[in-house]
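The values are calculated or read from the model by the stated rules, or taken from the named source; none is laboratory data. As the structure is a computational prediction, the values presented were derived from the model and not from experiment. Cβ sites come from the backbone with ideal geometry, for glycine too, and all protein chains shown count toward neighbours.
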Amino acid sequence: MLTQKNQPPYFCVEGGIGAGKSTFLKVINTFLNAQVIYEPHAKWQNVGGENILERFYNDTPRWAYTFQTYAFVTRVMELEKAALTNMQPFQISERSVFSDRYCFAKNCYELGTINALEWKLYQEWFEWLVGTYVPKPSGFIYLQTDPIVCYKRILKRNRQEETSVTLEYLQLLHEKHEKWLIHKEDVAPYLKNVPVLVIPCDEDFEHNRAIQKAHMAKIIDFLEVQYEIPGSLSARVEMLV
């Protein structure tokens, strides 16, 4: 079981669908001394041969609660598994159980695809399981991206499960991220003092080394406020030319 004592410092990269999280984590994985933990998409796409992510998008009212439950479990499993083999000074994960709670599950409830009883159940077991199995994150890295930009990126990458994602849905998720990470509305007291680094990501940085270098420099500055970072970390950013 993970506890705050045996869990290395971990930071969560947050943002809407299409914000650039996977690309951002690849940059981090290449240039910084961190253990990167990606979202468990493979688990979601193959649960005994069933693609629960696709089911969620195709029939959200039927599968919203089921998927959000499984998303929580698999995120915790990935974090625990990674901690057992971690050799780096800190971890950076793609999203977290907290974005599930404050953005995706809450959005499902407000849209009516998770009903009132399911939402009460979710909140009850979430509060207990987070307190028992999920150490407090050291910080959030928010890739703040305009929903229109996200929508264009989704259309371009053309993933099968995302064909039903609308601009309106992305706008709702963006509002949830802003309320949670920027304004900290209705957030649990123990999360309100978790620092948030906001990185504007409207501009494409996948093939732009100058922007990548600027993003990594911001992360280093952010981390140095929280923890002592090996000197080689800053030196590796200079390789981004």
For the list (1) closer than 25 Å to residue 145 by Cβ; (2) small (Gly, Ala, Ser); (3) touching a residue at least 60 places away in the same chain (Cβ under 8 Å); (4) part of a helix (DSSP H, G or I), I need the number of the one condition that residue 19 fails. (4)
Does residue 74 qualify as being without any contact (Cβ under 8 Å) to a residue 24 or more places away in the chain, surrounded by 14 or more Cβ atoms within 10 Å (Cβ to Cβ) and farther than 15 Å from residue 14 by Cβ? no
Suppose we filter region 49-61 for residues that are assigned to a helix (DSSP H, G or I) and more than 19 Å from residue 106 (Cβ to Cβ); how many remain? 4
For region 156-183, what are the residues that are more than 16 Å from the chain's Cα centre (by Cα), at pLDDT 95 or above and of a type outside the set (S, T, N, Q)? 167, 168, 169, 172, 183
Taking only pairs six or more apart or across chains, which ones have beta-carbon atoms under 9 Å, a first residue in region 102-122 that is without any contact (Cβ under 8 Å) to a residue 24 or more places away in the chain, and a second residue that is surrounded by 13 or more Cβ atoms within 10 Å (Cβ to Cβ) and assigned to a loop (DSSP other than H, G, I, E, B)? 109/115
Does residue 30 satisfy being modelled with pLDDT under 90, part of a helix (DSSP H, G or I) and under 22 Å from residue 8 (Cα atoms)? yes
Check region 30-37 and report whether any residue there is buried (at least 17 other Cβ atoms within 10 Å of the Cβ), closer than 25 Å to residue 114 by Cα and in contact (Cβ under 8 Å) with a residue 12 or more places away in the chain. no
